[in-house]
Amino acid sequence: MADCIFCKIAAGEINARVVYEDADTIAFLDLNPQAPAHALIIPRRHIPRLTAAEDGDAELLGKLQLAAVRTAKFLKVEGAFRLVTNNGKAAGQSVDHLHYHLLAGRKLLWPPG
Ligand code: DGP
């Protein structure tokens, strides 16, 4: 989608530190890391947020989870990490393209703030 930062990263039009990619998903390091390891896992196709996903996206949502596992392995944090999506502004979503944050490398508090 025009004017979507993450679509541009997926298309290679904006640089990012890519740590995993396949035909449907791409993972890259967050510009503003909140943990020693902080990657974002996104579908290449523009879906604004998790609640915008439809029945036909079920396979893609599964692929995102597997992409997160591969990202965790690549970053060598598969033993302990958090995978979270902010769905909607009040939940902290600032980029309107579905993304999962993978956070690791420090003690992660629960409940999150
Ligand atoms: P959220 O607040 O859940 O929508 O997370 C958006 C994240 O995206 C935030 O942690 C910062 C990151 N981010 C925003 N713009 C860019 C960018 O151009 N490149 C990268 N690598 N990360 C970005």
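The values are calculated or read from the model by the stated rules, or taken from the named source; none is laboratory data. All of these numbers come straight from a predicted model, not from anything done at the bench. Please note: Cβ atoms are built from the backbone with ideal geometry, for glycine as well, and neighbour counts cover all protein chains shown.
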Scanning region 66-103 residue by residue, those more than 15 Å from the ligand (Cβ to nearest atom) and in contact with a strand residue (DSSP E or B) (Cβ under 8 Å, 6 or more places away or on another chain) turn out to be Ala67, Arg70, Ala72, Phe74, Val77, Ala80, Phe81
* Flag for Gln34 being among the polar types (S, T, N, Q) and away from the ligand (no atom under 11 Å from the Cβ) -> no
**Asked** Would it be correct to say that His46 is near the ligand (Cβ under 8 Å from one of its atoms), at pLDDT 95 or above, surrounded by 13 or more Cβ atoms within 10 Å (Cβ to Cβ) and not hydrophobic (A, V, I, L, M, F, W, C)?
**Response** no
Result of the Cβ filter at 8 Å on region 17-41, keeping first residues that are assigned to a strand (DSSP E or B) and partners that are within 11 Å of the ligand (Cβ to nearest atom) and of a type in the set (Phe, Trp, Tyr), at least 6 apart or interchain, is Val18/Phe28; Val19/Phe28; Ala39/Phe28; Leu40/Phe6; Leu40/Phe28; Leu40/Tyr100; Ile41/Tyr100
Checked against (1) without any contact (Cβ under 8 Å) to a residue 40 or more places away in the chain; (2) surrounded by fewer than 16 Cβ atoms within 10 Å (Cβ to Cβ); (3) charged (D, E, K, R), Lys8 satisfies every condition except (2)
Note on region 89-103: residues part of a loop (DSSP other than H, G, I, E, B) and loosely packed, with under 13 Cβ neighbours inside 10 Å are Ser94
Quiz item: Do we find a residue being closer than 11 Å to Leu102 by Cβ, small (Gly, Ala, Ser) and more than 13 Å from the ligand (Cβ to nearest atom) anywhere in region 17-29?
Solution: no
When (1) of a type outside the set (S, T, N, Q); (2) more than 11 Å from the ligand (Cβ to nearest atom); (3) in a loop (DSSP other than H, G, I, E, B); (4) surrounded by 14 or more Cβ atoms within 10 Å (Cβ to Cβ) are applied to Arg106, the one that fails is (4)
Pairs returned, first residue in region 85-113 that is within 19 Å of Met1 (Cα to Cα), second residue that is within 8 Å of the ligand (Cβ to nearest atom) and at pLDDT below 95, beta-carbon separation under 8 angstrom, 6 or more apart or interchain, are none
Those residues of region 42-74 that are part of a strand (DSSP E or B) and over 14 Å from Ala16 (Cβ atoms) come to a total of 1
